[in-house]
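Accompanying notes for the structure given below.
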Amino acid sequence: MAVFPYPKSIQLNRGEGWLQIDWQDGSSCQYPLAPLREVCPCVQCRGGHDKMGSSHLDVDLLQIPLAPSRSYDLVEILPVGNYALQPRWSDGHDTGIYTWEFLYSLCPK
């Protein structure tokens, strides 16, 4: 089982539309908010339980075609225990829990 680092710091820039995570392994990832919303890992956004899990983590965050009907404005982002973040988007969507493993795997190349 792979071990993923924990964040050292997390910074949200709503004006420029990105979330930056500096990881304990020394890497730093800047996630654009619109593609981050598009890869929401909740069951509603993934289209069912059969499309959930680690086998669906191989995503290039910057290559996702965007659906303009969704909200890409982040209202707040909350910690979930010691393992994840839960964003709340301006359209009220807040059921996605982005684990450290998931976020680390999404780090734009």
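May I ask you to list pairs of residues, at least six apart or on different chains, whose Cβ atoms are under 9 Å apart, with the first in region 1-24 being on the phi > 0 side of the Ramachandran plot and the second being among the charged types (D, E, K, R)?
Gly17/Asp73
Within the set of pairs 6 or more residues apart or between chains, which connect a residue that is farther than 18 Å from Glu38 by Cβ inside region 73-98 to a residue that is charged (D, E, K, R) with Cβ atoms less than 6 Å apart?
Partner pairs satisfying both residue conditions: Glu76/Arg88.
Does Tyr104 qualify as being hydroxyl-bearing (Ser, Thr, Tyr), closer than 21 Å to Pro5 by Cβ and either buried (at least 16 other Cβ atoms within 10 Å of the Cβ) or at pLDDT below 90 (or both)?
In short, yes.
Between a first residue in region 30-42 that is more than 15 Å from Asp94 (Cβ to Cβ) and a second residue that is aliphatic (A, V, I, L, M) and assigned to a helix (DSSP H, G or I), which pairs have beta carbons less than 6 Å apart while being 6 or more apart in sequence or on different chains?
Hits for this filter: Pro35/Leu61.
The values are calculated or read from the model by the stated rules, or taken from the named source; none is laboratory data. Predicted model, so just to flag it, every value in this text is computed and none were measured. As a convention, Cβ positions derive from the backbone with ideal geometry for all residues, glycine included, and neighbour counts pool all protein chains shown.
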